[in-house]
Amino acid sequence: MVNPMMVLDKVELRRGGRVIVGPISLGLRDAGVTMAMGPNGAGKTTLLRALHGLERVSSGQIRWAESAEALRARQAFVFQTPILMRRSVLDSIAYPLRLKGVSRGEARERAAACAETVGLRVRLKKDASTLSGGEKQKMALARALITEPALLFLDEPSANLDGRSTREIEEILTHIRAGGTRIVMSTHDIGQARRLADEVVFLHDGRLVEQASSAAFFDAPQSNQAYAYLQGDIVI
Amino acid sequence: MNDILQGLARAAKLVVTLNADLVEITLLSLQVSLGAAVIGSAIGLPLGAWLAINRFPARRMVIALLNALMGLPPVVVGLFVYVLFSRSGPLGVLGLLFTPTAMVIAQVIIITPIIASVAHQAIRELWADYHDLLISLETTHSQRIATLLWDGRRALMTASLAGFGRGIGEVGAIMIVGGNIDHATRVLTTAIALETGKGEFDMALALGFVLIGLAIAVNLTLHMLSRTERGSRW
Ligand SMILES: Nc1ncnc2c1ncn2[C@@H]1O[C@H](COP(=O)(O)OP(=O)(O)O)[C@@H](O)[C@H]1O
Ligand SMILES: [Mg+2]
């Protein structure tokens with residue numbers, strides 16, 4: 001049973017006197033994987049951040065459905081550039097649990113288990129800053145997953161990853177999606193979008209160009225921009 | 001040249017044999033400047049952190065004031081504290097003038113702005129790094145401060161040490177409010193000034209060695225801390 005999760009009504013974000021995203025009106029439902037796609041600078045990051053509540057909306061409204069309260073209360077965000085804490089890998093992953101008052105011992109135990117789940121196979125006592133790019137990304141994913149969010153945002157989660165790590169992360173996302181986690185993410189990897197998306201939100205120049213089911217979008221994109229983008233052309 | 005060499009030799013002997021006067025003076029120096037560093041940190045570190053996280057109208061003014069206070073000439077601070085605590089001054093009844101307490105107070109005034117300023121800088125950087133994560137995780141105000149103070153602890157230690165380093169080498173203020181009284185308020189820097197004036201170069205040099213040794217120890221510690229700091233960031 002799919003219900004509405006949130007509705008965007010003429011949402012616009014202006015920064016420095018310039019409109020960077022919007023006006024966008026769209027509805028998101030409370031299940032599946034929504035994939036924000038579009039060329040660099042299209043507004044994917046800004047849109048995701050606005051949905052999560054990290055960006056101030058200049059005009060228009062983001063309205064949550066009453067039935068989506070559970071999703072709204074349990075969100076997590078994986079940033080495109082992992083935010084490194086000056087802590088060990090283990091304590092970085094455990095941090096959200098510590099905020100919720102979980103004891104250090106239990107938080108560390110669960111953090112170690114979570115690191116295992118995302119395939120982060122490093123010495124967990126070492127400093128988070130010493131991880132490689134892909135390991136940092138997995139650490140950030142583990143930190144987001146440890147509180148078992150109902151709604152997970154990911155901004156280009158495999159931008160810095162090799163093929164194997166990308167596959168691992170996609171497997172995890174497929175797995176948690178099957179477990180009922182709502183996922184809203186962005187990617188510039190068309191293959192990844194095909195593999196994961198239930199629905200595509202295609203942005204260009206800060207505007208919503210197309211919103212369609214994954215099947216419809218990849219079979220027959222309705223807009224020239226999306227068509228050209230999928231062909232690998234540079235969208236102007 | 002011979003004088004200097006002889007002086008150096010006698011100074012080395014004073015240090016090695018732990019000359020009683022030398023030890024007393026060094027200990028008082030440490031006591032005053034460590035005391036000032038502890039009190040200055042207790043005020044300056046939270047102030048710096050608070051300034052880094054909070055936005056309020058007079059924020060820029062406070063930061064500008066802090067930077068201006070950092071450049072206060074110690075002699076002027078000494079004079080100010082002297083007037084405050086002199087017999088006819090507003091706090092004269094406390095009878096603190098020419099005591100180590102007055103020296104600590106003067107040094108607290110000198111080093112607190114430095115500690116607060118270094119702490120502010122460090123915590124502001126950390127806050128910029130952590131901002132999105134801490135907002136995303138819906139941290140409370142006190143959780144944010146606790147996280148930043150804890151994760152920034154090395155940088156905060158650096159701030160405290162910078163304050164201590166400034167205090168231990170300072171002479172203008174403590175000379176005025178302490179009076180350089182033998183066995184009471186004489187510290188390394190004021191003693192060096194005195195012994196040099198008297199022509200007692202060996203004692204002055206010995207005191208100088210100890211002071212330089214302390215300064216090097218502080219700087220090495222600072223260096224190591226800032227290296228681990230950087231090491232942990234990259
Ligand atoms: N804080 C900001 N101030 C000004 N411009 C911004 C700001 N954040 C993003 N932008 C601009 O908004 C546009 C969309 O950026 P972004 O959402 O990062 O795109 P994407 O993630 O699709 O590459 C870009 O042109 C970017 O330069
Ligand atoms: Mg982006």
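A few remarks follow.
- Failed item, numbered, when A:SER67 is tested on (1) among the polar types (S, T, N, Q); (2) out of contact with any helix residue (DSSP H, G or I) (no Cβ under 8 Å at 6 or more places or on another chain); (3) part of a loop (DSSP other than H, G, I, E, B): (3)
- The residues of region A:45-62 that are away from ligand 2 (no atom under 14 Å from the Cβ) and within 10 Å of another protein chain (Cβ to nearest Cβ) amount to a single one, A:GLY53.
- Residues of region A:114-130 satisfying the condition of being part of a helix (DSSP H, G or I) and within 14 Å of another protein chain (Cβ to nearest Cβ): A:ALA128, A:SER129, A:THR130
- Evaluation of A:PRO221 against the conditions (1) open to solvent by less than 50 Å² (accessible area, probe 1.4 Å); (2) out of contact with any strand residue (DSSP E or B) (no Cβ under 9 Å at 6 or more places or on another chain); (3) in a loop (DSSP other than H, G, I, E, B) shows that the sole unmet condition is (2).
- Verdict on A:THR46 being in a helix (DSSP H, G or I) and of a type outside the set (Phe, Trp, Tyr): yes
- Total residues in region A:70-102, condition part of a loop (DSSP other than H, G, I, E, B), more than 9 Å from chain B (Cβ to nearest Cβ), touching a residue at least 40 places away in the same chain (Cβ under 8 Å) and surrounded by 14 or more Cβ atoms within 10 Å (Cβ to Cβ): 3
- Within region B:114-145, if we keep just the residues that are open to solvent by 10 Å² or more (accessible area, probe 1.4 Å) and under 15 Å from the mean Cα position of the chain (by Cα), the residue that is nearest to the other protein chains (Cβ to nearest Cβ) turns out to be B:VAL118.
- Criterion: in contact with a helix residue (DSSP H, G or I) (Cβ under 8 Å, 6 or more places away or on another chain) and without any contact (Cβ under 8 Å) to a residue 40 or more places away in the chain - qualifying residue of B:PRO74, B:PRO90: B:PRO90
- Enumeration of residues in region A:151-169 that are within 14 Å of another protein chain (Cβ to nearest Cβ) and more than 15 Å from ligand 2 (Cβ to nearest atom): A:LEU151, A:LEU152
- Lone unmet requirement of (1) more than 14 Å from every other protein chain (Cβ to nearest Cβ); (2) in a helix (DSSP H, G or I); (3) open to solvent by 10 Å² or more (accessible area, probe 1.4 Å) for A:ALA111: (3)
- Within region B:141-234, helices (runs of 4 or more DSSP H) holding 2 or more residues that are modelled with pLDDT under 90: B:141-151, B:153-168, B:201-233
- Some residue of region B:153-174 being free of Cβ contacts under 8 Å to residues at least 24 places away in the same chain, closer than 16 Å to B:LEU51 by Cα and within 14 Å of chain A (Cβ to nearest Cβ): no
- A:LEU141, sole failed condition from (1) out of contact with any strand residue (DSSP E or B) (no Cβ under 6 Å at 6 or more places or on another chain); (2) at pLDDT 90 or above: (1)
- A single entry from B:ALA119, B:ALA102 fulfils the requirement of being in contact (Cβ under 8 Å) with a residue 60 or more places away in the chain and within 17 Å of B:THR189 (Cα to Cα): B:ALA102.
- Within region A:1-42, considering residues that are polar (S, T, N, Q) and touching a Lys or Arg at 6+ places or on another chain (Cβ under 7 Å), the one surrounded by the fewest Cβ atoms within 10 Å (Cβ to Cβ): A:ASN3
- Among the residues of region A:19-47, those that are near ligand 1 (Cβ under 9 Å from one of its atoms), under 13 Å from A:VAL209 (Cβ atoms) and more than 16 Å from the chain's Cα centre (by Cα) comprise A:VAL21, A:PRO39.
The values are calculated or read from the model by the stated rules, or taken from the named source; none is laboratory data. Bear in mind the structure is a predicted one, so any value in this text is a computation, not a measurement. As a convention, Cβ positions derive from the backbone with ideal geometry for all residues, glycine included, and neighbour counts pool all protein chains shown. To get the accessible areas, we keep the full protein, side chains included, count just its heavy atoms, and leave off ligands, DNA and RNA. Shrake-Rupley method; radii C 1.70, N 1.55, O 1.52, S 1.80 Å.
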